[in-house]
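The values are calculated or read from the model by the stated rules, or taken from the named source; none is laboratory data. Just so it is clear, the model here is predicted, and its values are computed rather than measured. Note: ideal-geometry Cβ built from the backbone for every residue, glycine included; neighbour counts use all protein chains shown. Ligands, DNA and RNA are stripped out before the accessible areas are found, and what is left, the full protein with its side chains, is counted by its heavy atoms. Shrake-Rupley method; radii C 1.70, N 1.55, O 1.52, S 1.80 Å.
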Amino acid sequence: MSNTKISDLTELVSVQTSDVLPIVDTLNDQTKKVTVGNVVSTGLGAGAITTAKIADDAVTADKLANTAVTPGSYTLSSVTVDAQGRITAASSGTAADTDKIVEGNTEAEVVDTGSDGHFKVTTEGTERVRVGPAGQIGIAGANYGTSGQLLSSGGASGAIAWVDASQTVVIVDGGNFANGSSIATTATAINGGSFD
């Protein structure tokens, strides 16, 4: 190769693997050659650039492949992470109601409206019992009955209900109660009357 300034050489536009690169061996005072194919397969081949050869923080965000995640902030998020530790999916969640305990369509809730604070229990989507702001008990909502009413059981499959006290029957099973000159000693139904 004749002495030619590098600046005078023709620019390589279309690279071929058979193209030759000159190498000057200054130790042995020789000129050698290497093909582009040698550089690609040996110098840049698979495994040639190892993690140890990459400086810390050398790979910037622009060099990372984009994922399907939209950039931004997510609250109460649900995320999916791949084997490389990248977030591949993300979505914001909804904050739980701290005043309510919910399981399916059954719930217990504390309500404070500022003037009618109450606690209510709902089963199968319907309010069953409520404790009002004055400690009153409501049945199926704000149904607190009227003064003097009593709660009556509806049995194993029925709801409780408010009933008037005059409609109740007191059942005395055993015991001795003096009622005037008579003594009740067996299971006796007493409706009204007075005990002396």
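At-a-glance table
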{"read-out": "Cα-based equivalent ellipsoid of segment 51-120: semi-axis lengths in Å, sorted from largest, via gyration tensor", "value": "47, 13, 10"}
{"read-out": "10 Å-binned pair-distance histogram of segment 22-145 (Cα, whole percent)", "value": "9, 18, 15, 13, 11, 10, 8, 6, 5, 4, 1, 0"}
{"read-out": "Portion, in percent, of the accessible area of segment 1-155 that falls on carbon or sulfur, probe 1.4 Å", "value": "54 percent"}
{"read-out": "Rounded accessible area per residue of segment 46-142, 1.4 Å, Å²", "value": "75 Å²"}
{"read-out": "Heavy-atom SASA rank of Lys53, Lys120 (probe 1.4 Å, accessible area, largest first)", "value": "Lys53, Lys120"}
{"read-out": "Pairwise centroid distance, computed over Cα atoms, of segment 95-125 with segment 49-68, Å", "value": "51 Å"}
{"read-out": "Relative pair counts by distance (%), Cα atoms of segment 120-166, 5 Å bins", "value": "5, 22, 26, 26, 14, 5, 1"}
{"read-out": "Relative contact order %, segment 50-92, counting alpha carbon pairs below 8 Å whose residues are six or more apart", "value": "32 percent"}
{"read-out": "With all protein chains modelled, accessible area of Leu150 [1.4 Å, Å²]", "value": "80 Å²"}
{"read-out": "Ranked by how many other beta carbons lie within 10 Å on average, peptides 130-142, 75-87 from highest", "value": "130-142, 75-87"}
{"read-out": "Whole-Hz couplings from phi, Karplus 6.51/-1.76/1.60, listed for segment 147-163; x for Gly and Pro", "value": "4, x, 6, 10, 8, 10, 6, x, x, 5, 10, x, 7, 6, 8, 7, 9"}
{"read-out": "Dipole magnitude of segment 1-155, debye to nearest 20 (Cβ charges: Lys/Arg +1, Asp/Glu -1, about Cα centre)", "value": "280 debye"}
{"read-out": "Residue-span extension gain [Ala68 to Leu27] - 0.36 nm each, minus C-alpha spacing", "value": "9.3 nm"}
{"read-out": "Size descriptor, Kirkwood hydrodynamic radius, that averages inverse alpha-carbon separations across segment 84-126, Å", "value": "13.2 Å"}
